[in-house]
Structures are given as C-alpha cells and as structure tokens.
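Quick note: the coordinates plus some simple rules give every number you see, no bench work behind them. The shown structure was predicted, so the numbers you read here are calculated from the model rather than taken from an experiment. A quick note on method: Cβ atoms are made from the backbone with ideal geometry, for glycine too, and the neighbour counts reach across all protein chains shown.
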Amino acid sequence: MTQANRDELAREAGKHTHHFHGGLRLRHNKKISCQDSVERPPLPDLLIVPLLQHAGDSAEPYVNAGDHVLKGQQIGHCQPCAAIHSPVSGYVEAVENHPISHHSGQQGPCVLIRPDGDERWVELKPVLDWKTADPEQLIGQMQNCGIAGLGGAVFPTHAKARDGRDRKIHTLILNGSECEPYISCDEMLMREQPDKIVLGSRILRRALGAERVVIAIEDQMGAVREALTHAAECAECKSISVVKVTKIYPEGGERQLIQVLTGLEVPAGGRPSDLGMVCQNVATAAAVADAVVEGKPLIERYITVTGNGISHPRNFQALIGTSFSHLVDICGGYTDDVARLVVGGPMMGYPVASDATPVVKASNCILALTQQDIAEPQVEMPCIRCGECARVCPATLLPQQLNLQIRNGLWEQVEEYGLSACIECGCCDFVCPSHIPLVEWFRYGKGQLRKRASETGATGRARQRFENREARLLREKQERAEKMAQRKRMLKDKAKQQDRIRASIERAGNKGRDIPEAEKTNGKSDDT
Amino acid sequence: MTRNFQTSGAPHMPPQTTVATVMLQVLLALVPGVLAYTWFFGPGILIQIMLATVFALIFESLMLRLRGRPLKPFINDYSAVLTAVLFALCIPPLAPWWISCIAMLFAIVFAKHLYGGLGQNVFNPAMVGYVVVLISFPQAMTAWLPPLALAEHGLGLLDSLFTIFSGRVPVEGGWDAITLATPLDTLKTGVESGRMVPEIRNSPIFGDYGGLGWEWVANWFALGGLFLLYKRVISWQVPLAVIGGVILLSLPFWLADPDSNPFPLQHVFSGALVLAAFFIATDPVSGCVSNKGRLIFGAGVAIITLVIRRWGGYPDGVAFAVLLMNMAAPLIDRYTRPRMYGE
C-alpha cells in the first residue's frame, strides 16, 4: 500500500467498517445499570483526592492541612501531567497516604478534604469565544483545567492535542464504544449530554486543527445514535459523523477502533497521529466543553456502579475523591454474596482491596462481582499449545510462545515476537484452557524489557564515558608529544639560526675569505 | 462502613474451558469411529482401548509421583487416556496384551514425562508408542482381522479376551484362520509382484474407495473430526492439508499410471489417514502454532505418508510421517511467525 493510498483510507475513516483480528463476543450486561437516569450523589463527608492519578510521578500538593479550599481550586501540580483541583469547598484535613486504585500498588498520597457545605466555586475563567480563540489558548485551558483521557488511560489531553497539532492531524476520533461488559457510563453520557459531547468535539477539532470528527458508538446502543446525530445538526457540524461499529471486545481499544474505522493499522511502536488521527474518549470531549466554555476544571465524572454484587446498579455523576463505599451505599449496598470489587470492567479491570478507595479521573466503573461471576481459583496447568490465545489476540501475537520465552528469560526472542505490541486486553487469558495468567506474565515481561533497556542504556552511557575519556587521554598524550616535538624542532631551528647569525658575524669579521666554504662548514655542523 | 475484599488478577470471569474439557471433547469425537470399528471388526478394539488406558494411567501416576507433581489435576486432564485410545486405534484388535504395556511405557514415560510432561513433548506420544511396537514386534503388529462380513470365524468378546491374554486363537487353524492382510498391504505386495491395481482391487477386501469396512470407520472418524472443527478444538488447516495434500499429490501418479497407482480417494480411505488427519496430526503440543505452519505441517505429513506407501517398507506410513513432522515443527514455527499488528 502506498503512502497516498494509506492517507486516503485514513481520511475516509468511518465510511466503511472493517474487522480486526481475533477478539471476543462477550455478554455485555450493560442494561442493568442503565435503568435510572444519572444523578449526582449527596455530598460525602470526606473527599480523598489522590495526587497520583495516572502512570508516572504523582503531583506536588499546593495545600497543607488546615487550609481552606474553594470548589475548583487547584490543589496539585506536576509539569507534564494534568492539574488536580478540589472537588468541593472545604478544609484540607490532611495530606497523607491512603488506599488508591492505581496499578502501582495499594497506597498513594492523597489530599483529604472535609466539605464545608457551601459549594463555593473558585473564580472560573472560561475562554470567551472558543470559535475565534487561538488553538494554543484552548490547549492551555485544557491543561489548566486538568483534562485527561477519561477512557481509562488518563493521558493528559493537552499533551495529546499539542502533539496532534504538531503532526498535522486530519481526523479526530471520539471513542464511544466501551467494549468491556458491564460498563455503561459513556453510553449514559452520550444519551444524556449529546450536545456537550458534540460541542467538546468541535472545540477539540479546532484545538487540533483537524478537518473531521468521527464519533464511534456500538451498534447496540439504541438511542445514542439518534441523540448524537440530532445534537450534531448545525451549520458547522457537517464534518461530524456518527458511526456504528460491531461490538467485539476489545474494539474500544484505540488501535482496534482505528483498524475498524479505516482498515489501517497503527505502525508498531507508533501512534495514531502517524495516520493523521487522534483518539479521544467521548467523556473527555464533554470535559473539554466544560473547561473551555464554562471554565470548569475536571472535578467530576460519570461512573457506573454495577455487577451482581450491587443491589441496585446505576450510573452517577460523582466528584473525584468520593469513596466507592459512599456510592455503593446509595445503590442500596452490596448483595450478600458479593466476593470481589473491581475498578473497570471484568476483562481489564483491577481489583481493589477496600471500598474506601476514592474515585479518580480514570474510574469508569465500580464492579462488584459475586462468587458465581468469578472463577474458583483455578489450578494452572502447563500450556498445551492449543493456539486459542493466538486466535483471539487482537495484536496477532503468539501469546503461548511469548509466555514460554518470558518464563525462560529469552528476552531477544520476546522482543522479536512483539511483546511491546500487547495491549493487555486479556482475551488470551480468558480463553486459555490451562488457566495460565498470561497477561500477568506479559506485564512482568514488559517490566523486564524496560529494565533491560534502561540497564543497557546505563551501561552504554558508562561505556561511552569511558571511551570518551580514553580518547581524550590519548589525544592529550598525542598533543603533548606533538608539542614536545615541535618545541625540539623550534630549539633546533633556533640553534641553527644562532649558528647562522654567528656564521654571518664571522663572515662579516673575516672579509675577503671564501664565503661558500664558510657556508659549507656551517652546513656540515648543522648535519651533525 | 468500609469493607475489604480479596484481590486476584483479571479477567474476572470464569474461564471458558479447561484442558480436561478439550481432551474430553476429542475423546467424545472418537466415539462414532470406535463404534463403527467395533461393528466392522468385532469387540477386540474395545479390549485394546481398556488395556491401553489402564497401562497409560498406571505409568502416568507413577511418573507424576516420581516427578513430585500433584496427581489429581494431571490424571483428571484425560491426556493420558487420549494417548491410550489413539494408540489402541492403530494396532490390530487382537494384539497381545503386553503390546499395550510396552507401547504405553514408551509413550507416557519416554515420549511424555521424560520430555517434561503435559505440553512439553516434542513427539506425539501415541505415535511414539505405536512405532516402537511396530518396529519391535512386526509379527504381532500385522495380525489384522478381516471385516466380520468376510470372516469365517468372527471372535466374540470372550474369545477376543482369551486371544489377547493367551496369544492363542480358540478356533481351528489358529492365527492363519482368522487374520488377513490389510487392503494397503495387499495392494503393496500386489503391485510389487507386478499385478495391476484394478485387478488387485477385485479382491473382496476392497470397498468402494478404500478397504471394506475401513472406509466406513474412516467416515465416522471424519464425522467426529467435523465435530471438533465445529467446536474449534482443532483448526481446519491440518486436516485440509493432510487429506488435500494426499489427493493432490497422488492424482498425477494415478493419472500417469492407473495400473500401478491407486486412485487418490483410495489413499484417503485406507489405513489411518483420516484418523491421523483429524486426531493425530492435529495434536497441538507436538504440532505447529501458526495457521501457515499448520498447513505446512499437514502437507508434510501427506507427502511423507505417500512416499512411504509408494516406496517405503511399510504399507502405511502415517505414524512415521507425523513423527518426522513433529521434529520439523519448531523449525516451521520459527519461519511462519504471523505478522504482528502494525508490523
């Protein structure tokens, strides 16, 4: 395929839908949480706002215990990531470690805020006319308002937008195809706030300098398409199209969605912007609209509280920092047979040890599962190489080979077989008849590869330093030798010159004598 | 009130299947073929399956204990049972009892556990066991029975048991009275002695395509194979490559010289080819991983089988073909790694 063809296909994103390799058709169990409309829960007694909400370093707190904060006031900051704001007006009770839902572990630094009940906002600074505003100003507003990807990865939106601007984006894809079972917060948001999503997509389009917007939704989301299409009926909305995609897990993955919409694959090690595209979650677009038009920072999000372990599953518009237990209480509490609490969906979600864990920007779903939903702890059997994992792998990897290579520490092979392309969707894990925790091994393998890379980086740097030093010493030695030789030559020359001077003085003194002969002797003395 | 929970890795859903389910599905798929076998050749095969299974389980438990592995999950995975049944389907129905014992010793102890147990064996254990006894005890391994329709003395269950355990045949005339060369054997010796294939095929031991009875057993095995394809326990690449390969490769020989080369479908319906195509060459452990690799693997089995049948010393060569391709599998895998996403 030529670059021109590829470009053409990329620009036609959503015109035809395509398939990606593998994947699973899962029971989606979404309806149970879509019965009630989305409401804000009553204000909790205490909000726990984690300073670490995504991969990387945690933010620096701006506040100390005892400080009074206003709703929407910035309380945490770190340069490359999204800012953190207070979800309420109230008093900072403490800045301390608390259980959080984060891949890194159980505890993380949090700002504990006790609401004063006034709900007094900080002075909001919206962008006055986004249609004429400088895109850089829009991006800056996203950064100041702490907007981050709400699909789960929490990648700072301003960084993605700035990168997109630099790389000549033509299409913005809004991802509304939440493919994990149970999760319905994006569907509810698209039903209830389609206008805000469309507005956000137009702002993002302007910030990115993109030509078109494709909003991808699942084919089973009944009213959503109508709501979005209706919202997108405006003069400037002609570039927005709503596309239904077939529901196969993990279609909501950025790379899989792009493949479905264009038939193209994001190059290995590359980003969607290599194809001229940027992917954003629909909820992120809504947050952008709030940030730019109203100046509101990201302090609340839609979240699904669901599963057979919850009495009345539903969706909330919850403040960041609300504890899970507060939301579960409003849902009527747990059922008697609840056995596990998970943040996210059943395929990729991670379990939490306590429901004191607070909602963060990444929390799209609180899933309470019963013993029946989850498996009895399974005996892990040896791999029988049945190949089911390879059949379902959306990255067309060979998970069973990778598993073997990682266990045996064959890191060159692991790299060659493309571990880095693994998206950790869990399809292989789910179908494995031997119940091998493949994704766990892949995470471990990725960690080892990173470690190796930094180690070879470090030793490489050390070797470089050593070689540079050796080269420098050698050069200095040569230079010294050179100088020495030069000086010797100069001394000799000097001696010669002095001889010459002496000779000419002699010649001048012995007038009438044979000059050539004198020169001859001089030449002789020079030679010796 | 906060509450604490047990944690455990994703996915948080019960697994779709287990190793035992996979093995059981394969065993289930063998049932129609085994019943047809019994119908056409008498109950001897059932006794062989029982014998081989008992020996396989004994060696399996012994090795698990020696290796310090838990007994329960590995005995319950049915992999040893499957090895035993596949082996029993390859030997003459009245072969003496110790044949199973020796074959299972080599299959379970040597081919399986000494290579590291379930999932680690380089060679198909059933075929290792079969080839060991085929080479070591050629006489016992060629005492094949004719289909009951052609048999003067059809042995019942008790007579079969007596024969298998005593080595003597309870009818007048002994072994010679009840055994007959297989169709493939007849064909090979016939062609070697200069007779023409159509003439050889006039013998009543031949059916429409393969051997009388054999072709129907093959049909029922194929039916079981289709069930496995439907259940996605096996993929279509290996059976297609084996059967398609045999047809495609034997066709030019038959077209060039129909008098000394059998019709392609006769190749398919003779010997263990259908059984191998669906149940033996599809063994994932000793086979190839990628789809392209599986096609190559199957085609290799087809080629080697035909070469042995045509030029080799054995009338059927499927077992050797599978073992030789087992050796090649890692190399094939090396060169058929599928293209990764975005590569």
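List of remarks:
- Value of Rg to Rh for the range B:18-179 (Rh from inverse mean 1/r over Cα pairs, i.e. Kirkwood): 1.00
- Taking 22 Å as the straight-line reach from the Cα of A:Lys483, the lysines in range (excluding those fewer than 8 positions away in the same chain) are A:Lys492, A:Lys494, A:Lys496.
- Check: the range B:231-343 dipole with +1 on Lys, Arg Cβ and -1 on Asp, Glu Cβ, in debye: 420
- Note on chain B: Kirkwood hydrodynamic radius from all Cα pairs is 21.1 Å, rounded to one decimal.
- Length released on extending from A:Asp134 to A:Ala508, taking residue separation times 0.36 nm less the Cα-Cα span: 125.8 nm
- Cβ neighbours within 10 Å from other chains - mean over B:330-342: 5
- Each label point was placed 7 Å from the Cα along the Cα-to-Cβ direction; for A:Glu123 and A:Glu8 their separation is 5.6 nm.
- Net charge of Cβ neighbours under 11 Å - reference B:Pro14; Lys, Arg +1; Asp, Glu -1: -2
- Residues of the range B:182-215 with amide N under 12 Å of the 7 Å Cα→Cβ point at B:Asp259: B:194-199
- Extension gain, A:Ser239 to A:Met1: 0.36 nm times the residue separation minus the Cα-Cα distance gives 83.0 nm.
- Projected onto planes of every orientation and averaged, the convex hull of the alpha-carbon atoms in the protein assembly as shown covers 63.7 nm².
- Each residue of the range A:314-407 gets 155 Å³ once the volume of the Cα convex hull is shared out per residue.
- Efficiency of FRET between A:Arg27 and A:Asp329 - r from beta-carbon atoms, R0 30 angstrom, step 0.05: 0.60
- Nearby lysines by direct alpha-carbon distance to A:Lys244 (threshold 19 angstrom, same-chain neighbours under 8 apart not counted): A:Lys15, A:Lys30, A:Lys31
- Translational diffusion of the range B:138-269 was estimated from the Stokes-Einstein equation, with Rh taken as the Kirkwood radius over Cα pairs; at 37 °C and 0.692 mPa s the coefficient is 193 µm²/s.
- At 0.890 mPa s and 25 °C, Stokes diffusion of the range B:181-336 via Kirkwood alpha-carbon radius, µm² per second: 156
- Projected label points at B:Leu161 and B:Leu71, each 7 Å from Cα along the beta carbon direction, are separated by 2.7 nanometres.
- Karplus (6.51, -1.76, 1.60) ³J(HN,Hα), θ = phi - 60°, over the range B:153-170, in Hz, Gly and Pro reported as x: 10, x, 8, x, 5, 5, 4, 5, 4, 4, 4, 5, 8, 9, x, 10, 9, x
- Within the range A:398-461, all pairs of alpha-carbon atoms sorted by distance into 10 Å bins from zero give the percentages 22, 51, 20, 6, 1.
- Residues whose placed amide H lies under 5 Å from that of A:Gly151, excluding near-sequence neighbours: A:Asn281
- The H on the amide N of A:Val245, modeled in the peptide plane, is under 5 Å from the matching H of A:Ile217, A:Glu218, A:Asp219, each at least 5 residues off or on a different chain.
- Alpha-carbon centroid distance for the pair the range A:346-387 / the range B:310-332, whole angstrom: 45
- Straight-distance crosslink candidates among lysines, where the alpha carbon sits under 18 Å from A:Lys125 and sequence neighbours closer than 8 are dropped: A:Lys71, A:Lys296
- Size-normalised alpha-carbon gyration radius of the range A:228-333, reference 2.2 N^0.38 Å: 1.39
- Taken one residue at a time, the phi angles of the range A:59-72 give Karplus couplings (6.51, -1.76, 1.60, θ = phi - 60°) of 6, 7, x, 8, 10, 10, 4, x, 5, 9, 10, 9, 4, x Hz. Gly and Pro are set to x.
- Farthest toward the positive end of the dipole of the range A:381-528, out of A:Leu419, A:Gln497, A:Cys386, is the Cα of A:Gln497, where the dipole comes from beta carbon charges about the Cα centre.
- Three semi-axes of the equivalent ellipsoid, the range A:135-253, Cα gyration tensor, whole Å, largest first: 23, 17, 13
- Derived scalar couplings ³J(HN,Hα) [the range A:435-444; Karplus, 6.51 cos²θ - 1.76 cosθ + 1.60; whole Hz; x for Gly, Pro]: 6, 7, x, 4, 4, 4, 5, 5, 4, 4
- Degrees, to the nearest 10: B:44-66 long Cα axis against longest axis of chain B: 40
- Between A:Lys483 and A:Glu455, the contour length at 0.36 nm per residue exceeds the alpha carbon distance by 6.0 nm.
- Theoretical FRET efficiency, 1/(1+(r/R0)^6), r = Cβ-Cβ of B:Asp176 and B:Val31, R0 25 Å, to 0.05: 0.15
- About the Cα centre, charge dipole magnitude for the protein assembly as shown (Lys/Arg +1, Asp/Glu -1 at Cβ), debye: 3600
- Of interest is the spacing of the C-alpha centroids, which for the range B:25-50 and the range A:436-513 amounts to 84 Å.
- Highest to lowest packing among A:165-173, A:372-380, scored as the average C-beta count within 10 Å: A:165-173, A:372-380
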